[in-house]
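See structure below.
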Amino acid sequence: MTKHPKTHALVHQEKARTTQSQRNVLLFSGMASLLILVGFVQSWNVAFSILNMCLISAIMALGVNIQWGYAGLFNVGIMGFAALGGLAGVVVSMPPVDAAWEAGGLGVVTGLVAGIITLVVGMVVWRFGERWGRWRYAATGCILTIGYVFARTLIEPSIEAIEAVDPARTGYLGGFGLPIIVSWIVGGVFAAAAAWVVGKISLGLRADYLAIATLGISEIIIYVLKFEDWLSRGVKNVTGLPRPVPYEVDLQANSWFVALADDLNLSLVDASSLVVKVSYAALFTLVLLTILWLSETALRSPWGRMMRAIRDNETAANAMGKNVTKQHLVVFVLGSAVIGIAGAMLVTLDGQFTPTSYQPLRFTFLIWVMVIAGGSGNNWGAVLGGFLIWFFWVEAEPIGLWLMDVLTSGLPPSHWLRIHLIESAAHTRLMTMGTILLLVLRFSPRGLIPEARRSAF
């Protein structure tokens, strides 16, 4: 008596799932072992510093995976959305600069309101002016141009007045003085709002045009943040952002903490720094697990199955009555919101907002490597890729320095080859990223944790 083919397929699928689950446990255990090894070999402060950045990187990779893995949207504007999350940290948590508000706050607010009204009117004219033919373009263009000139006329004098208020220390409006954790939510809202605007304009384009459009928007966002000092101090940076965790000096002033540091045989500086990093790690882990749970729930829902169907065959999805452009917009906004949350968390960890540190091409490439190496379409793969790639991005240089030192240990310290190789150790970082990507694509083309193949039965 032969087995029913459906039963045989289900048994085979269950075995494959078990094998993949065991492999996943080994992969994450290996990643944890690498971090623990850094703790013993270098220091636990270094290990937790890497862990915190790995957690933020994993959240960014999840955002990109929502866009690419769920819907096949090629977003190259990742750093722009992350920068908006960083801006949220400034707007939400920094105290307001009263003198700047008195000097030009009203003018800036009035100009921004005029700009928003201009955009709304322009969108209404564009939407309901289809019967006007080519005049639709002219009318929309005139409205936007006149509105922009009017808004800038209102804003320019106010901006000059704001930036003249103690420019060495402030020169900007400041924020609302709220807890910085609130900025994590606001950062997601900022990025989602920008993504909605970008998506309405560019999601009807082909994939390559979408990539160019998102890269251009990212550059525009970062350009604005660099040069609009009234908003974010521009290249002068915003430092001293408040923390959601204790400060080292406050910990060192407590007698119980001094006793704890003595019991752990650590200096006060090392112990306080370690406690702060562990506190950050706990907060970031909570956020990562929450977003991961939501992402997995969405992926396994009917909406997730619909998004995968659209990704695999847009024509068939259209034929089934699905609004592909609308669903692409939804997933683009959701992924960008997650990236914005990660951007706000990043400035929280750094304690400062530095617009010049957002390099679209360099770090966008890094996030994409995380998604590809981990396994696009699989949320756990994106998390693993975030951990793995950031770990080697940081540790490639010390590992390369150690390797060059070992390889040239037989040469005199002043030998030209030894000096050259040791000085070139920093360049092993990019070579390491390329090597990891090549190895993954060669031996696991769908990523270390590939997207699960679901049976059609």
Scan the range 352-364 and give yes if some residue there is in contact with a helix residue (DSSP H, G or I) (Cβ under 9 Å, 6 or more places away or on another chain), farther than 30 Å from ASN237 by Cβ, in contact (Cβ under 8 Å) with a residue 12 or more places away in the chain and surrounded by fewer than 16 Cβ atoms within 10 Å (Cβ to Cβ), otherwise no.
no
Filter result for THR290 (surrounded by fewer than 15 Cβ atoms within 10 Å (Cβ to Cβ), under 19 Å from the mean Cα position of the chain (by Cα) and within 18 Å of ALA337 (Cα to Cα))
yes
What tally of residues in the range 405-441 results from selecting those that are closer than 24 Å to LEU388 by Cβ, surrounded by 15 or more Cβ atoms within 10 Å (Cβ to Cβ) and without any contact (Cβ under 8 Å) to a residue 40 or more places away in the chain?
3
Given the criteria over 32 Å from the mean Cα position of the chain (by Cα) and under 25 Å from LEU203 (Cα atoms), does ALA138 qualify?
yes
Looking only at helices (runs of 4 or more DSSP H) that lie completely in the range 315-430, which have at least 2 residues being aromatic (Phe, Trp, Tyr)?
360-374, 379-407
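Go through the range 118-148 residue by residue and tally those that are charged (D, E, K, R) and either outside any helix (DSSP H, G or I) or in contact with a helix residue (DSSP H, G or I) (Cβ under 8 Å, 6 or more places away or on another chain) (or both).
Residues flagged as charged (D, E, K, R) and either outside any helix (DSSP H, G or I) or in contact with a helix residue (DSSP H, G or I) (Cβ under 8 Å, 6 or more places away or on another chain) (or both) within the range 118-148 amount to 3.
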Tell me which residues, restricted to the range 199-258, are farther than 24 Å from THR348 by Cβ, in a loop (DSSP other than H, G, I, E, B) and small (Gly, Ala, Ser).
GLY204
May I ask you to say which residue of ALA253, ALA271 is more than 22 Å from the chain's Cα centre (by Cα) and crowded, with 19+ Cβ neighbours inside 10 Å?
ALA271
Of GLY63, GLY115, the only residue that is surrounded by 24 or more Cβ atoms within 10 Å (Cβ to Cβ), out of contact with any Lys or Arg (no Cβ under 8 Å at 6 or more places or on another chain) and assigned to a helix (DSSP H, G or I) is GLY63
Given the criterion without any contact (Cβ under 8 Å) to a residue 60 or more places away in the chain, of a type outside the set (Phe, Trp, Tyr) and surrounded by 14 or more Cβ atoms within 10 Å (Cβ to Cβ), identify the matching residue among GLY188, GLY147, GLY174.
GLY147
Kindly indicate which of TRP126, TRP101 is over 19 Å from GLY335 (Cα atoms), of a type in the set (Phe, Trp, Tyr) and in contact (Cβ under 8 Å) with a residue 40 or more places away in the chain.
TRP101
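This table checks each residue for (1) at pLDDT 90 or above; (2) in a helix (DSSP H, G or I); (3) over 30 Å from ILE56 (Cα atoms); (4) not β-branched (Val, Ile, Thr).
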site: PHE150; (1), (2), (3), (4): yes, yes, yes, yes
site: ILE159; (1), (2), (3), (4): yes, yes, yes, no
site: PRO167; (1), (2), (3), (4): no, no, yes, yes
site: GLY171; (1), (2), (3), (4): no, no, yes, yes
site: GLY177; (1), (2), (3), (4): yes, no, no, yes
site: SER183; (1), (2), (3), (4): yes, yes, no, yes
site: GLY187; (1), (2), (3), (4): yes, yes, no, yes
site: ALA192; (1), (2), (3), (4): yes, yes, no, yes
Can you find a residue in the range 296-315 that is surrounded by 20 or more Cβ atoms within 10 Å (Cβ to Cβ), β-branched (Val, Ile, Thr) and in contact (Cβ under 8 Å) with a residue 60 or more places away in the chain?
yes
Go through the range 194-221 and give me each residue that's modelled with pLDDT of 85 or more and in contact with a His (Cβ under 9 Å, 6 or more places away or on another chain).
GLY199
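The values are calculated or read from the model by the stated rules, or taken from the named source; none is laboratory data. No experiment lies behind these values; they were computed from the predicted model shown. Cβ atoms come from the backbone with ideal geometry, glycine included; neighbour counts cover every protein chain shown.
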